[in-house]
Amino acid sequence: MAIVDFLGGEIVTEPIKLLSKVASTVHGCKRIAKRLIAMIKDVQPMIKEIQYSGVELCNHRQTQLREFFEILEKARKLCEKVLRCHRWNFKHLGHANEMRDLENKISRFLNIQFPLFVVADVCHLRFNGEGALDRIETKCDRLLSQRMDCLSFKDEIEDDPEIQRVGLDLGKIKVKEMLSKFIDFNLFGISGICGSGKTTLALELARDDDVKDLFKNKILFLTVSRSPNLEELRSVIYRFLNDGVQQRKLVILDDVWTRESLDKLFFKIPGSTTLVVSRSKFADSKTTYNVELLKENEAMSLFCLCAFGENSPPSRFKKLVKQVVDECKGLPLSLKVLGASLKDKPERFWEGVVKSLSRGEAADETHESRVFAHIKESLENLDPKIKLCFLDMGVFPEDRKIPLDVLTNMWSERHDIDEETAFSFVLCLSDKNLLTLVKNPRFGDFHTGYYDVFVTQHDVLRDLAIYMTNCVEVNRRERLLMPKRELKLPREWERNKDEPFDAKIVSIHTGEMNEMDWFDMELPKAEVLILNFSSENYFLPPFIGKMGKLRALVIINNGMSQARLHGFSVFTNLAKLRSLWLERVHVVPELFSSTIPLINLHKLHLIFCKINKSFEQTALDISHIFPSLSELTIDHCDDLVELNSSVCGMTSLNSVSITNCPRILELPKNLSNLQSLERLRLYACPELKSLPVEVCELPCLKYIDISQCVSLSSLPEEIGKLKTLEKIDMRECSLWGLPSSVDALESLCHVICDEQILPMWEEVKKMVPGLCIEAAEKDFSLDWLNE
């Protein structure tokens, strides 16, 4: 008797009986048991189709089925173990997790191995000229069609077609436009954050009449998954594309995890089009649709359909519904799961869910298993260090842009990597839709700073990072953070303050803090401290003085006006501090008049700060306070008029950026002392009238940015002395001409300028071989007003 004949017997019916008992008696396993029952029952009619078709499976196929039976046998034994325990036994939490593992294994079998080996055997029989195949192939086509409808993640597909259609119209229009417009391209993509509805969109496209007409019904939909049988998939695709019919064909590859899998399954055959659906970006940017999250009204509609079965909430639930929907930030998976979880629940339960979500916690077991666990899979293929960097992002406040410089500095100091590596990590996480880059026009340029480039992250991803971080007891966490702004430090911290905390990164998010609002904490391992607050006055935490390993300090005021900081005396003990970021604060003289220098400080950022003449004190020797400083960035500091000449005594300076400072009039005359300076950025300083001739004595200078310095009318006559200068950015300047010595800029390879000065540089190009001249479009951006 063939092994397939066993499926009608006890090997299937017995697990179903036991799972039914589990579902009715064990509350903690109820949902997962019901899902397993549905999945196992789903396989029976398909096996009967094979039985009655007359196809005798080969040994290899029977081995695959035997593996499936072993999974069912494990399910039976697990059910017996569950039923032997008391219905409220805490072990049921572990049992539920074991059942979820079985669910994943069964899902992989049903979605990949089962339909594919049926097709493979039919194709094999046809190849060998066996007769009577039409009836079998028809049945198999019908089976595959049935399976196609559930090849996507169970979390993303609902039975209700009205739920499926919410928010899909825009995506369908844009993908259809791409497919119609770029007919010479073979590879297209649908990309997006996990749970954003990529699979749902792909399935709708496969059923769409316009797409069917475009490809004359020649559409193949396959789910690849994390552990695919690539040879089976490749065989199916090859036969589909080489069926003897010369026309355009569409292959939809859903749930592709790696570039290696795609390379195996992508055929560059004339007339073939592949649409790859993935959390990562594999196709060209112009042939990739990045799935947009739901708008507020769409999110509300989807949630209410799942929670109440209608498009709007009952009046008494309106406020609670809005709070939950706001926490989901338009992510379909979260909206569906939370809506279904809250269905028929009392208001008190809803209130608890809202509080849990605001703390970055799972709302309940279903939310944890179907949202967090689902998204967590995206991290499993990451490089271990990149995964740690992803978890680090949970320390930033929700709904805020994160300055890229802050992020890369934190990673550099925390994980001992260089800036280039940290930047590559940003790109990797962006490509996998685990963060979003808010790019400015100059993003990616080697010389451009990142202080005005930002990243954002969806709140659900941030919540996952927090959830994974907080899985251990508070004193053992690597990241000690506050998920949302509080008036005081968390009570959990206060209860455990008598024992040292192991955190390497500490993030505090409060309102105004006085000296008495802090309690003492021991943070001997902390390397990064981030202080976010919203107030006009802020007393620095006294325990900073005991953080002997602190390497990066970020102080950001999210209020409307600059805050006054107090307690600067703690800086005297920060001997290992390498990076300091101050944003929207008054830079008090105490910082620049310390008698104990910050000998290891390499980077100083002053963003939207009030300088308060700190750089103008003639008796101040800044080079003594910051003897190792290599990067100085001053941005949007509207009271900066001039720099103290002692700045030029910091001979270790490699980069100076003075940008968006409307009142600065001139640079120090002794600028030539900065013998290590490579980058000089003076972007958007409208009152700056000239560059000192001493700038021509900088032997290492590679980059000058004088864009939007509208009062600057000329370059120094001796600029030709800059033998190492590689790039000049001078868009939106008012230059009357170029000095004759520019012909001697032998290393110059890139100039960005306006149209009116372009002809002058074209003449220079004749004398400077390889010079690239770029005419820039004007860029008027007020994005900084949102910061």
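Averaging sequence separations of C-alpha pairs under 8 Å and six or more residues apart, then dividing by the length of segment 470-577, give the relative contact order as a whole percent.
22 percent
First select every other residue whose beta carbon is under 13 angstrom from the beta carbon of Thr469; then total the charges, Lys and Arg +1, Asp and Glu -1.
+2
For segment 78-86, just list the computed ³J(HN,Hα) in residue order, Karplus coefficients 6.51, -1.76 and 1.60, θ = phi - 60°, integers in Hz, with x standing in for Gly and Pro.
Along segment 78-86, the couplings run 5, 4, 4, 5, 4, 6, 6, 8, 4 Hz.
Quick one: net charge of Thr724's neighbours, Cβ under 13 Å, K/R +1, D/E -1?
Summing Lys and Arg as +1 and Asp and Glu as -1 gives +1.
For the residues Asp210, Asp639, what sequence is obtained by ranking on other C-beta atoms within 10 Å, fewest first?
On the way: Asp210 13, Asp639 17.
Neighbour counts put them in this order, fewest first: Asp210, Asp639.
Taking 8 Å as the Cα distance limit and 6 or more residues as the minimum spacing, I'd like the relative contact order of segment 296-374 as a percentage.
Rounded, it is 30 percent for segment 296-374.
Would you pull out the residues with amide H under 5 Å of Asn290's amide H, same chain only if 5 or more places away, H placed 1.01 Å from N?
Ser191
Please compute the net charge surrounding Phe240, taking Lys and Arg as +1 and Asp and Glu as -1 over other residues with Cβ under 10 Å from its Cβ.
Net charge around Phe240: +2.
Can you give me the Cα centroid spacing of segment 692-717 and segment 317-350 in angstrom?
If we compute the Cα centre of each part, the gap is 57 Å.
When the Cα atoms of segment 678-781 are enclosed in a convex hull and the volume is divided per residue, what value in Å³ results?
85 Å³
All of the numbers you see were taken from the coordinates with simple rules; none came from a lab. The structure presented is a predicted model; accordingly, all values stated were derived computationally and were not measured. Cβ atoms come from the backbone with ideal geometry, glycine included; neighbour counts cover every protein chain shown.
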